[in-house]
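K.L.:
Below you'll find the structure I mean.
What follows draws every value from the coordinates through simple rules; no lab data is involved. Everything numeric in this text was worked out from a predicted model, so none of it was measured. In this analysis, Cβ positions are derived from the backbone assuming ideal geometry, glycine residues included, and neighbour counts consider all displayed protein chains.
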Amino acid sequence: MSFFDEGDEPARPARPRSSQSTGAAPSASRDQQTLMVRRGVAAGVILLVIILLVVGVRGCLNSQKNQSLKDYNRNVGALVQESDQTSQKLFSNLSATGGATNTATQGTATLNAEQDVNQVRVDADDLVRRASGQDTPGDMSKAQQNFLLVLQLRRDAIRKIAQKLQTARGASGADAAVNQIAGQMQAFLASDVVYSQRVIPYIKKGLDGAGITGQTIATSQSLPDLGWLDPTQVAKRIGAITSTANKGPAAPGSHGHQFESVTVGSTTLKQGQGNKISGSSPVFTVKFVNQGENDESNVLVKISITGSGNPITVTKPVASSPAGAESSVEIPLGQAPPLNTPVTVTAEVQPVPGESDASNNKQSYQVLFSS
């Protein structure tokens with residue numbers, strides 16, 4: 001047997017070829033896991049950002065809402081305080097329109113009281129306009145509705161009082177005008193009730209609903225006292241000349257006044273000689289003394305001009321004339337007197353109930369008015 005005929009050796013198993021991709025599958029798996037983790041983290045971050053944005057936006061919205069509720073409460077407080085001050089001016093001017101006051105206690109009456117009342121009306125109108133234009137949160141809509149009603153009641157009452165005031169203080173039609181003025185006082189009372197029973201509770205409800213604490217809600221009172229609801233009291237306070245003035249039995253004791261003087265500007269009129277007055281809108285200041293033992297009220301003082309053309313007569317009441325005291329009343333003529341012609345000016349304190357001697361109640365003067 002030749003060398004080449006020797007039996008074949010057992011075949012060796014083939015060695016697997018090393019592949020360059022050995023470990024590729026585990027590496028790809030790891031990459032996939034890393035990607036998923038990163039995606040999960042990114043999604044979590046995005047979700048967190050969204051949550052923070054939502055919370056932040058909601059917090060901002062809540063903060064803005066709460067601030068708007070606080071601002072509304074503050075604005076209402078400022079407006080109603082102005083409204084109360086406007087009402088105080090009205091009643092102060094109404095009292096001043098009594099025309100005459102005791103000089104020892106109150107000083108001289110305000111000549112421009114009626115004009116001042118008209119200015120109060122303008123101010124009340126402006127308050128309604130400003131309140132209507134203010135920003136109102138939805139939670140305060142009912143409070144706003146009632147608040148506007150409060151200001152409108154006061155404005156309308158002031159307007160009607162201003163319209164009737166001159167008639168109430170005039171020589172005719174005073175009774176009806178006084179009753180109408182007293183009726184308008186009900187509007188002030190109603191406004192106070194609406195504010196306390198509707199506006200304040202609705203503002204509080206809006207604040208409480210938002211969890212807002214520590215806020216002060218303004219109160220309001222436009223009617224000084226209930227005496228203004230009584231026509232008799234109104235007549236006395238504004239110095240109206242009504243049909244009931246100086247009526248009824250006199251109190252025990254003496255009654256009566258003594259006329260003292262009448263001046264126009266810086267000129268004191270004198271008897272027995274000509275008095276020259278310049279100006280077409282004279283204002284007469286009449287002084288007199290209560291010589292009786294009783295205080296008098298609603299004392300009527302009259303200025304009359306005769307001797308040229310139609311007579312001119314102006315009457316004005318003195319709300320109070322204390323016993324033993326001097327009183328003074330300023331009476332604007334309200335129209336131009338006859339100019340450049342002699343006339344007679346008579347000033348008279350009209351008798352009060354129980355006055356037995358009125359001979360010293362009036363005085364007449366010769367006057368020449370010039371332009």
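K.L.:
Arranged from highest to lowest average of other beta-carbon atoms within 10 Å per residue, in what order do the peptides 323-334, 155-166 appear?
P.N.:
Numbers: 323-334: 18.2, 155-166: 20.6.
Ranking the peptides 323-334, 155-166 by packing returns 155-166, 323-334.
K.L.:
Order of ARG198, ARG154 from fewest to most other C-beta atoms within 10 Å?
P.N.:
Placing the least packed residue first, the sequence is ARG198, ARG154.
K.L.:
Ranked highest first by average number of other Cβ atoms within 10 Å, how do 123-132, 213-222 line up?
P.N.:
Top to bottom by mean Cβ count within 10 Å: 123-132, 213-222.
K.L.:
Now, a different point. THR34 to ILE217: extension gain in nm, 0.36 nm per residue of separation minus the Cα-Cα distance?
P.N.:
Gain on extension, THR34 to ILE217, equals 59.7 nm.
K.L.:
Let me ask something else. Under the 0.36 nm per residue contour assumption, what length would be gained going from the current alpha-carbon distance of ASP123 and SER356 to full extension?
P.N.:
79.0 nm
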